[in-house]
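Down below is the structure, laid out as structure tokens.
The values are calculated or read from the model by the stated rules, or taken from the named source; none is laboratory data. Quick caveat: nothing in here was measured; it's all calculated off a predicted structure. Cβ: placed from backbone, ideal geometry, glycine included. Neighbour counts: every protein chain shown. Please note that ligands, DNA and RNA were not included when accessible areas were found on the heavy atoms of the full protein model with its side chains. Shrake-Rupley method; radii C 1.70, N 1.55, O 1.52, S 1.80 Å.
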Amino acid sequence: MNHRLRFLLSWFLAFPLLIRAQSPEVKAIKAGRLFDSERGILLTNQVILISGNTITAVGQNLAIPRGATVIDLSQYTVLPGLIEAHSHLLMEHPGDEDNTLTVTKAVAIEGDALRALRGAARAKSYLDAGFTTVRDLGNSGRFADVALKRAIEEGSMPGPRLYVSGPGLASEGGQVPGLTPGQTQLIVGDYRIIRGVEDARLAVREHVYYGVDLIKIYSNSSPNKTYLSVAEMQAIVEEAHLYQLKVTAHATTDLAIRRALQAGVDGIEHGYVVSDSTLRRMHRQNVILVPTDMDFQLAQRQVDKLRMSLSGEQIRNLAKPYHDRLLRARQAGIILAAGSDMYMGLGLARGPAAKRVLFAYAEAGVPLNEVLQAATRNGALLLAEPRLGRLQTGAWADLIAVQGNPLESLSALERVVFVMKAGTVVKSAVSR
Ligand SMILES: [Zn+2]
């Protein structure tokens with residue numbers, strides 16, 4: 001070995017030790033207002049101390065350690081990074097097309113690689129909009145969502161923390177009605193079709209093997225008419241819980257919800273039509289609801305896209321039953337986690353479009369502090385991850401700053417000026 005090589009080698013061997021000996025960077029954030037997601041209130045003049053990727057202390061006028069990097073957000077409201085509980089990053093529906101066309105084009109023409117790349121751009125738009133965590137629920141090809149998650153995790157591209165389900169487990173036909181015999185193999189490009197109890201168990205094992213974080217099932221496969229059997233769903237829940245995976249069920253009708261509850265699922269998506277007795281059962285079973293509602297602004301955009309002639313008043317009247325069920329769910333004490341189900345191209349980037357769901361809850365009459373809790377604390381409960389959704393000692397340093405007071409007007413959430421994920425600043429447009 002020549003001398004220079006030996007020198008280089010010794011330097012490389014010593015370098016990791018030097019890195020390890022360094023303590024992580026300490027940051028101190030001055031927050032003019034801070035949203036306490038546990039109590040649903042705003043605190044003033046708070047200081048958040050961060051070491052590496054973790055919050056080490058939060059309190060009023062805390063002493064700032066010598067050498068800490070100070071980030072002055074005293075003119076803003078600081079919140080935990082927002083959590084989206086129901087996304088479809090690898091899918092885009094133009095808003096005026098048959099669903100079957102959208103899915104079959106995605107599978108047969110767009111393909112998993114292009115879907116993942118486009119999904120990465122949508123993931124970035126979520127991060128810029130203040131979402132530091134996103135739960136992605138299928139329509140993502142054959143585990144292309146897992147690939148996207150890994151690429152973000154390893155730092156190959158910017159994006160929120162992803163929790164991904166892989167293809168949803170569905171009954172015959174998935175959500176793709178109308179294909180001719182011989183063409184239905186396209187459906188397995190986006191759904192895992194379940195044929196019996198043993199197949200249901202096998203599907204969960206496949207998903208575990210490919211690295212999903214949770215299992216998504218379709219209790220009913222709307223717009224298709226078919227249901228998973230209760231026995232199939234029970235087998236899925238039992239098998240998933242064996243691997244500590246949660247199971248959440250697409251269920252749009254009261255019957256579909258009741259069947260999913262009978263099978264023991266952990267969460268219900270949509271829940272558009274639901275009776276009070278079913279809500280009581282959900283509450284008894286500690287099942288979280290993700291109400292994927294559209295606000296008036298997005299509804300108007302879709303109406304325009306479809307060239308329908310509906311007045312603003314007619315749109316509001318159509319929303320009334322959904323608002324009613326949301327308030328009944330809240331009254332029943334059910335935990336609401338914010339999820340948009342946004343997969344349409346309606347002239348907004350995906351992140352800001354997804355955020356409209358919070359405005360939909362407010363339009364229904366959910367108090368603004370509870371709307372913010374739905375997108376922070378309750379999302380963390382849904383993911384069973386106490387390090388998310390709160391600004392407290394031991395939590396991950398995922399936080400955002402907005403201009404204005406979101407408890408006075410939710411429009412403050414449209415003005416995200418600062419985003420930090422795992423202690424790293426990923427967006428800053430802070431004025432001094
Ligand atoms: Zn969905």
*Could I have the simple spin-label model distance between Glu385 and Val208, label points 7 Å from Cα toward Cβ, reported in nm to one decimal?*
2.1
*Mean Kyte-Doolittle of at least -0.5 and a Cα length of 15 Å or more along the axis: which whole DSSP H helices of the chain meet both?*
3-21, 111-128, 197-210, 230-242, 350-364
_Solvent-accessible area per residue for the chain (1.4 angstrom probe, square angstrom)_ = 44
*Between Ala251 and residues 5 or more places away or on another chain, which pairs have amide H atoms under 5 Å apart, with H built 1.01 Å from N, and which residues are they?*
Glu269, Gly271
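Grab the Cα-Cα distance for Gln392 and Tyr243, subtract it from 0.36 nm times how many residues apart they are, and report the gain in nm with one decimal. Write down the numbers at each step before the final one.
Working: separation 149, 0.36 × 149 = 53.64 nm, distance 2.88 nm.
Taking 0.36 nm per residue and subtracting the Cα distance, the gain is 50.8 nm.
What does the extension gain come out to for Thr424 and Met157, with contour length at 0.36 nm per residue minus their alpha carbon separation?
Details: separation 267, 0.36 × 267 = 96.12 nm, distance 1.38 nm.
That pair, Thr424 and Met157, stretches by 94.7 nm at full extension.
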*Given the C-alpha centroids of segment 154-196 and segment 234-294, what is the distance between them in whole angstrom?*
19
*Is segment 368-432 best put as rounded, prolate or oblate by its Cα gyration tensor, with a ≥ b ≥ c the root eigenvalues, rounded for a/c under 1.5, and otherwise prolate when a/b is larger than b/c, oblate when not?*
oblate
*What nm value, rounded to one decimal, do you get for the distance between Arg142 and Ser309 when each label is placed 7 Å out toward the C-beta?*
4.9
*Plugging the Kirkwood radius over Cα pairs into Stokes-Einstein for segment 235-353, at a temperature of 10 °C and a viscosity of 1.306 mPa s, what D comes out in µm²/s?*
101
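For segment 115-144, run through the chymotrypsin sites (Phe, Trp or Tyr not before Pro) and keep only the ones in DSSP coil with at most 16 other Cβ atoms within 10 Å of their Cβ.
On the way: sites: Tyr126, Phe131, Phe143; in loops: Phe143.
Here no chymotrypsin sites (Phe, Trp or Tyr not before Pro) fit, given the DSSP loop and packing criteria.
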*Can you give the net charge of the other residues whose Cβ lies under 11 Å from the Cβ of Gly347, counting K and R as +1 and D and E as -1?*
+1
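Given R₀ = 22 Å, what would the calculated FRET efficiency be for Ala63 paired with Arg39, taking r from the Cβ atoms and rounding to 0.05?
Values: r = 24 Å, r/R0 = 1.10.
Step by step, r from the Cβ atoms, then E = 0.35.
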*Among Arg135, Arg195, Arg122, which one shows the biggest mean-square fluctuation in a GNM of the chain, springs joining Cα atoms closer than 10 Å?*
Arg195
_Protection-proxy order for peptides 166-172, 146-152, each taking the mean of Cβ atoms within 10 Å per residue, highest first_ = 166-172, 146-152
*Taking the simple approach of a point 7 Å from Cα along Cα-to-Cβ for both Asn53 and Gln75, what is their distance in nm?*
3.2
*Neighbourhood charge, 13 Å Cβ-Cβ cut-off, centred on Gly67 and excluding it, Lys, Arg +1 and Asp, Glu -1*: +1
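Carbon and sulfur: what percent of the chain's accessible surface (1.4 Å probe)?
Details: 10120 of 18940 Å².
On the chain, the fraction of accessible area on carbon and sulfur atoms equals 53 percent.
Ranking request for peptides 80-91, 57-68: highest mean number of other beta-carbon atoms within 10 Å first, then the rest in descending order.
Result, highest mean Cβ count within 10 Å first: 80-91, 57-68.
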*asked:* Show me the three semi-axes of the equivalent ellipsoid for segment 209-256, from the C-alpha gyration tensor (sqrt of 5 times each eigenvalue), largest first, rounded to whole Å.
replied: 21, 11, 9
*Can you bin segment 82-383 into rounded, prolate or oblate? Criterion: square roots of the alpha carbon gyration tensor eigenvalues sorted a ≥ b ≥ c, rounded for a/c under 1.5, prolate for a/b above b/c, oblate for the rest.*
rounded
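Would you compute, from DSSP H runs of 4+ residues alone, the mean residue ellipticity of the chain at 222 nm, taking -39500 (n - 2.57) per run and dividing by the full residue count, rounded to the nearest 500? Present the calculation step by step, with values, prior to reporting the outcome.
Values: 13 runs with 159 residues, N = 432.
Computed ellipticity for the chain at 222 nm equals -11500 deg cm²/dmol.
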*Quick one: length gained pulling Thr226 to Glu110 fully straight, 0.36 nm per residue minus the C-alpha distance?*
39.1 nm
